[in-house]
1. Of all residues being away from the ligand (no atom under 16 Å from the Cβ) and in a strand (DSSP E or B) in region 156-187, which is farthest from Met318 (Cα to Cα)? Just the residue, please.
2. I'd like to know if region 191-201 contains one or more residues that are part of a loop (DSSP other than H, G, I, E, B), surrounded by fewer than 20 Cβ atoms within 10 Å (Cβ to Cβ) and away from the ligand (no atom under 16 Å from the Cβ).
3. Here are Asp321, Asp314: which of them is within 16 Å of Thr232 (Cα to Cα) and surrounded by 16 or more Cβ atoms within 10 Å (Cβ to Cβ)?
4. So which of Tyr286, Tyr350 ends up being farther than 30 Å from Arg64 by Cα, assigned to a loop (DSSP other than H, G, I, E, B), of a type outside the set (Val, Ile, Thr) and at pLDDT 95 or above?
5. The conditions are (1) away from the ligand (no atom under 16 Å from the Cβ); (2) in contact (Cβ under 8 Å) with a residue 40 or more places away in the chain; (3) on the phi > 0 side of the Ramachandran plot, and Leu111 fails exactly one of them. Which is it?
6. Identify the single condition in (1) under 16 Å from Glu32 (Cα atoms); (2) surrounded by 15 or more Cβ atoms within 10 Å (Cβ to Cβ); (3) of a type in the set (S, T, N, Q) that Asn353 does not satisfy, given that it satisfies every other one.
7. Among (1) surrounded by fewer than 19 Cβ atoms within 10 Å (Cβ to Cβ); (2) in contact with a strand residue (DSSP E or B) (Cβ under 7 Å, 6 or more places away or on another chain), there is one condition Ala57 misses while meeting the rest; what is its number?
Amino acid sequence: MTDRISLTLAQADPDVAAAVDHEILRQHEGLEMIASENFVSEAVLEAAGSIFTNKYAEGYPGRRYYGGCEYADVVENLARDRARQIFGGDHVNVQPHSGSQANASAYAAVLQPGDTILGLDLSHGGHLTHGHRLSFSGKLYRPTFYQVRRDTELIDYDELEAIAEREKPKAIIGGGSAYPRLWDFARMRQIADKVGAVYIFDMAHIAGLVAGGVHPSPVPHAQITTTTTHKTLRGPRAGLILCEQALAAAVDKAVFPGQQGGPLVHIVAAKAVAFGEALRPEFRTYAAQTVANAKVLAAALQQAGFRIVSGGTDNHLMLVDVFEKGILGSEAELALGKAGITVNKNTIPYDTNPPLKASGIRVGTPALTTRGMKEPEMRQIAVWIAKALDQRNDDAALERIRGEVAELASRFPLYAWRRAPVAVGV
Ligand code: DSN
């Protein structure tokens, strides 16, 4: 028993250790431009890898169904207090294991199965859990959708209002995973109030920008705000819910025992650490630079001849319409991957291609901003993206770009304990 416990990962399981080491190299040597990804601090990693993983703590601080929860209470209370300090709001629940579970709990708190919900269409920038037919949200509830306008590619609030009046949803859901512009929170709340719906905003993508004070906050407008904690917010992979006091008991009950059993206490501890980081002044600098980088990158890509959906960005991400140049999103993702630049193919509004091919790529700046990259690096990356897409069928050219990318990445070191390539035999 003691021996099993004291073995390192490399000793106990070389296969998993090798995969971890390769992933370490991949993250260090490439340019991570998936808009929903980031690099947590050493402190967040340490808390996420802590022995709190051994602990059951069903219930909430001071009201647990297990003994030995005194330190679990400490970290959960720290996470709750810090989240409220960052975002305001009456009540917070830091236990959701993910954004999807946060959304499932938010819906369960205010909806009955079969109720109508109104969310942003996935192919217009929404999220699976906002009513897609293959998600629990589209199976359990009756989904209806609003979209962006064809001409501006901005949310059509007039259409949203007309649909809300016609469909009488019980909840209107804002937020999404590929919308590069600001939201009109006040208008959405007004529409929700008019039709008697609860306004739920999923701020997963922009939470870090809200925390950093560079993006308006949905919290004063929405009765329930949900988020993941690992995107721009730069915490561990998990979820969070903020809500009005009147919904506090229903939300807590919907999370536990409604959707989940024991919270992941190690991840709750890591959330507490990340929220502590988000309260520091450096976080505001990071958030502002993330947006500045996105704006410069979008402009540089436009200058290189690419069409950016909606003409630009107000946040950390942009959608590039590569199909306008005859390139599928899937081809672009592959070519950029070979060049060491990680992005994802993404449908664009009114896409004529299916999601697995898609007409666009989604590009984000949070992870590179965390590494310390600024405007000059964004301009250089735009040049590489244009070159890689132009030479997408030339593996040697893509390999050359990959070398230049690795050289840039090496100038922006990540984790100090990075293992030498020799350790994984590459
Ligand atoms: N999968 C996430 C994203 O990439 O935006 C959303 O959950």
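The values are calculated or read from the model by the stated rules, or taken from the named source; none is laboratory data. Predicted, not measured: the structure shown is a model, and the values here were computed from it. We place every Cβ from the backbone using ideal geometry, glycine too, and count neighbours over all the protein chains shown.
1. Across region 156-187, the extreme among qualifying residues is Ala171.
2. Scanning region 191-201 turns up at least one residue that is part of a loop (DSSP other than H, G, I, E, B), surrounded by fewer than 20 Cβ atoms within 10 Å (Cβ to Cβ) and away from the ligand (no atom under 16 Å from the Cβ).
3. After applying the criteria, what remains is Asp314.
4. Only one candidate qualifies: Tyr350.
5. (3)
6. Of (1) under 16 Å from Glu32 (Cα atoms); (2) surrounded by 15 or more Cβ atoms within 10 Å (Cβ to Cβ); (3) of a type in the set (S, T, N, Q), only one is false for Asn353: (1).
7. So Ala57 meets the others, but not (1).
Yes or no, residue by residue, for (1) surrounded by 22 or more Cβ atoms within 10 Å (Cβ to Cβ); (2) among the acidic types (Asp, Glu); (3) at pLDDT 95 or above:
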site	(1), (2), (3)
Ala335	yes, no, yes
Ile361	yes, no, yes
Pro376	no, no, yes
Asp394	no, yes, yes
Ala420	no, no, no
